[in-house]
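Visitor: Have a look at this one before I ask anything.
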Amino acid sequence: MSEKVRTIIIDVFTINVTWVLYYLIRIDSGWISHSAPPDFWIPMFIICLYWVILFFLFGLYRSWSIKSRLDELFLVVKTITFGVLLLFFAIFIDDRGIGAPLQSRLIIGIYWGILILCVGTGRVILHTFQRRLFSLGIGLRNTVIIGWNQKAHEICDLVQRYPALGYGIIGYISSQKENGNYKNLPILGSIEDLSKIITEHNVKDVIIAVNSSDHDQLL
């Protein structure tokens with residue numbers, strides 16, 4: 001199961017948990033007056049789809065491995081705040097026509113807080129668990145290093161020292177056709193073979209480690 005699919009599953013679960021809590025507060029707390037309990041399942045499906053689409057648009061399903069959990073939480077809060085504001089104004093416009101009390105819209109603030117708590121907690125737990133798996137060498141993404149020099153070897157040492165980043169180095173790409181091996185990681189081919197190597201080895205990440213003075217090669 002890919003990183004993106006796992007994140008979507010966790011988001012769907014936490015969004016639906018938020019909806020259940022919100023529904024219980026709205027109906028059973030007695031804070032909000034209602035003539036009859038509103039529908040449960042259809043709004044839950046629609047609101048879940050709404051958030052998943054919004055999370056896609058805000059980039060919350062891009063790879064998070066190189067981001068800190070604090071950056072991730074900040075983006076979650078920003079996205080949820082924007083989405084809740086859209087819902088607030090949609091409800092406000094709808095309520096104006098039927099004269100609903102202001103109190104019925106204030107519950108949106110509670111929904112905002114519960115959603116941030118649930119989604120944020122779910123993502124932190126998922127990412128902590130995923131980093132633990134990476135630290136054990138499970139689920140690492142196939143990665144190649146472009147370069148065959150001291151810098152490339154130093155980057156390899158650094159990546160292997162911090163497996164929680166999620167990179168699994170499988171070899172090097174040299175600027176020319178040559179053979180070599182460093183820490184049991186071979187030269188897989190030259191830059192001309194890069195596209196073929198990426199396909200054959202299912203490479204997910206490429207780290208560029210050419211010297212900064214090699215401008216033409218870097219471009």
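Each reported figure results from applying straightforward, stated rules to the coordinates on display, with no laboratory input. Quick caveat: nothing in here was measured; it's all calculated off a predicted structure. So basically every Cβ, Gly included, is an ideal-geometry build from the backbone, and we count neighbours across all protein chains shown.
Visitor: Report the net charge of residues surrounding Lys177, where surrounding means a beta-carbon distance below 11 angstrom and charges are Lys +1, Arg +1, Asp -1, Glu -1.
Guide: Within the 11 Å Cβ shell, the charges total -3.
Visitor: Near Leu158, within a Cβ-to-Cβ distance under 13 Å, what is the net charge of the other residues, with Lys and Arg +1 and Asp and Glu -1?
Guide: Its environment carries a net charge of +1.
Visitor: Relative contact order of the stretch 107-198: what whole-number percent is it, with Cα pairs under 8 angstrom and at least 6 residues apart?
Guide: 22
Visitor: Run the quick spin-label model on Asn181 and Val5: label points 7 Å from Cα toward the beta carbon, then report their separation in nm to one decimal.
Guide: With each label point 7 Å from Cα toward Cβ, the separation is 3.6 nm.
Visitor: Right, another one. Between Ile107 and Ser63, take the C-beta separation as r, use R0 = 35 Å, and let me know the FRET efficiency to the nearest 0.05.
Guide: Efficiency, from the Cβ-Cβ distance: 0.50.
Visitor: Quick one: grab Rg to one decimal and Dmax as a whole number for the stretch 116-164, Cα atoms only, in Å.
Guide: My reading of the Cα-based Rg and Dmax gives 15.0, 47 Å.
Visitor: Taking K and R as +1 and D and E as -1, what net charge do the other residues with C-beta under 14 Å from the C-beta of Ile8 add up to?
Guide: For residues surrounding Ile8, the net value is +2.
Visitor: Project the alpha carbons of the stretch 117-219 onto their principal axes and report the range along each, largest first, in whole Å.
Guide: For the stretch 117-219, the Cα spread along each principal axis is 51, 28, 25 Å.
Visitor: Within the stretch 130-177, list the trypsin sites (Lys or Arg not before Pro) lying in a DSSP loop whose Cβ has at most 15 other Cβ atoms in a 10 Å radius.
Guide: Lys177
Visitor: Then there is this: If r is the Cβ-Cβ distance from Val12 to Ile208 and R0 is 25 Å, what FRET efficiency results, to the nearest 0.05?
Guide: So, using R0 = 25 Å, E works out to roughly 0.10.
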